[in-house]
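Colleague: Quick one: structure below, then a few questions.
The values are calculated or read from the model by the stated rules, or taken from the named source; none is laboratory data. Keep in mind that this is a model prediction, so the values were computed, not measured. A quick note on method: Cβ atoms are made from the backbone with ideal geometry, for glycine too, and the neighbour counts reach across all protein chains shown.
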Amino acid sequence: MNTTTRIMLLAVVVASVALGLMGCSGGSLPAGVPITVTGFVETLANPAVPVSGAVVTIQGHSGTTGADGSFTILQVPAVAGNVVPVTVNFAGATPAGLQVNESPLTVTFTQNEITAATANIGTIDATPAGTPHNQTLLGNVTGFVKNLAASAPVVGAVVTIEGKSATTAGDGSFTIINVLGPQTGVAVTVDLSSATPANQALASAVTADPPASGTFNMGTIFTVTNPPGGPGGL
């Protein structure tokens, strides 16, 4: 896990989470049986940074995250088929000024899924306190930049979406990590000033309409040869 001190926190609203608790093979546990719950708390950033000193509480039982962001909560009663609220107290956490932008943050205890005395609920993503609730994590955006006439890759173009950028590789491909913004009509800019071949211009205005999370491939952004005397193809 990357513990770099260069923290770039993204302002996002974390979509509703239902985390299934999966265990090892064996018979399912009935409601009320105590289990040990483990997981992590990290900043929603690239790269993610572990959050230490956060207190995670489930069913009245708590655990404090360590230096690597991990926590262990003992004696949490299993609840068959019910959604259980999870609270995270960041008062003494490092980095400071964090919150979980989800109301409520929940974990699902399902009788058919809990088959062991220990369950891992995965990662809880933390964001800066005061994050507006009108933004959504779009996830990773991939694509290509190619010349329209020759369908040849354009190398060295800088593609920017919602303030996040990536430079196209030798095959014209790019990947932008953890893009943030609305789910529709995201403007995409392409800086071709250092691109190869030179004298390129965008064939048209570019927008992306990625899903709320995961990885979205926006396809190919086409350029045209920029004719002498001014921009072309716009």
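Colleague: Of the residues 91, 119, 126, 150, which single one is at pLDDT 80 or above and surrounded by 21 or more Cβ atoms within 10 Å (Cβ to Cβ)?
Modeller: 126
Colleague: When only residues in segment 54-87 that are surrounded by fewer than 20 Cβ atoms within 10 Å (Cβ to Cβ) and within 11 Å of residue 36 (Cβ to Cβ) count, which is modelled with the lowest pLDDT?
Modeller: 75
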